[in-house]
1. Just want the answer: with Cβ charges of +1 for Lys and Arg and -1 for Asp and Glu, which residue in Pro22, Trp247, Thr4 is farthest toward the dipole's positive end in the chain?
2. How large is the accessible surface of Trp247 in square angstrom, using a 1.4 angstrom probe and rounding to the nearest 10?
3. For the chain, what is the percent of antiparallel DSSP beta bridges, rounded to the nearest 5?
4. Using only the alpha-carbon atoms, how far is helix 132-142 inclined from the longest principal axis of the chain? Give it as 0 to 90 degrees, nearest 10.
5. State the Cα centre-to-centre distance between the range 333-382 and the range 140-207 in whole Å.
6. Report the FRET efficiency, 1/(1 + (r/R0)^6), for Thr35 and Arg251, where r is their Cβ-Cβ distance and R0 is 25 Å, rounded to 0.05.
7. Ordering Thr4, Thr36 from largest to smallest accessible area (1.4 angstrom probe), what's the sequence?
8. Taking the Cα centre of the range 23-141 as origin, work out the dipole magnitude from +1 charges on Lys and Arg Cβ and -1 charges on Asp and Glu Cβ, in debye rounded to 20.
Amino acid sequence: MSDTSRLNQATIAAQAAGSVDPQSGGVVPSLQMATTYLRDAQYELLRPENIYLRDQSDIVRVAETILAQLEGAAESLLFPSGMAAIAAAFRTVPNGGCVLVQSQIYWGTTKWLRDFCNRRGIALHEVEASDTGAFEAACVAHKPSLVLIETPSNPWLRVTDVEASAKAVHAVGGLLMVDSTAATPVLQKPLAAGADIVMHSATKGINGHSDVLAGVLATNDTEAQIWTDIKADRHDAGAVIGPFEAWLLVRGMRTLPLRMREMSRNAQALAEFLDQHDQVETVLYPGLPTHPGHDIALRQMNGGFGPLLSFVVKGGAKAALAAAGKLELFHRATSLGGVESLVEHRHTIEPHTGIPEGLLRVSVGIEDVADLQADLARALGI
Ligand SMILES: *Cc1c(COP(=O)(O)O)cnc(C)c1O
């Protein structure tokens, strides 16, 4: 692989950070599925960095190089899922430690953290981090060693100021991790804004085709103790991604900048349409000037506001489910960031988390926006 980190994102992505297959001459890197690697007659490894597959795979390294370059990071590490990436980071916190996490984020994260911290005797504090004052006060009060924020948040679309958060966390000696899944490295660069670690569920927009489960952590401080611990945990405990998943990811990421631009454009148009619709109570989308986080989003996001959009249908759960049932193009399914549009009634899935009963969360794909808008209009009954 050549060093392509000085190039722009679209070039890095389209050319898979310069990776080809020198052995065959193929313009696409090859998929090597072997779990173990040869030694020669002198018992020397053919390639010193390749002993055993667990965390030694050329195609995984290719995917990690692309991710690091897209993120503007010194290094990235792939995991078999977004949750595995989050878990790897939090497993570095010692028993009896203290962590701070944004409230009302991706439910899987909140649920796992509550169980994990309870088991390990770690004090877990949850705060509405998009309220910068409340977040700063929580940092001062608890002095957490590791802090997780998620922006834009899923499914509330809250926007948290990464730069202000990093300052508040660093002032009390902690580290800031940002779950940037909904934005992908194309729309937002938390490391440049001061975050210590950026995390993504690569299952979502990064892969973008709803056919790979993966997670990633990236940092600029490769010497930090937490990064050393995370790497050791991945190597020793073995939460690794398989070569085929990495290969698919490399393929998916070639169009990442293109997809994020188109999804953001479609989502913006649909948010504006829904905002004017008389069957819709509220639209949650950072691209709307009326969104409380719009100014921060304008500052810390670039090129669009992402595929994730929630709206509250008038008439509660019954009306929302009826509308979801009438949609013909939006697939009724969880997840986000794929090329195909999805719709989800969060209250059915998480009835006890304070989600408005009429809320539909949409992931906007790259279909023709006129078709998507017509589908929504029909489902909402005009
Ligand atoms: C999906 C998601 C995760 C978890 O990722 P998996 O790949 O499903 O394990 C974490 N955070 C956010 C914001 C997500 O959307």
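The values are calculated or read from the model by the stated rules, or taken from the named source; none is laboratory data. Everything quoted here is computed from the prediction, not taken from an experiment. With ideal geometry, Cβ positions are generated from the backbone for all residues, glycine too; neighbour counts draw on all protein chains shown. For the accessible areas, the whole protein counts, side chains as well, though only heavy atoms, and no ligand, DNA or RNA atoms are used. Shrake-Rupley method; radii C 1.70, N 1.55, O 1.52, S 1.80 Å.
1. So the residue furthest toward the plus end is Trp247.
2. Number for this one is 60 Å².
3. Around 60 percent of the beta bridges assigned by DSSP in the chain are antiparallel ones.
4. It works out to around 50 degrees.
5. Here the two parts' Cα centres lie 25 Å apart.
6. 0.70
7. Per-residue accessible area, sorted high to low, gives Thr36, Thr4.
8. 460
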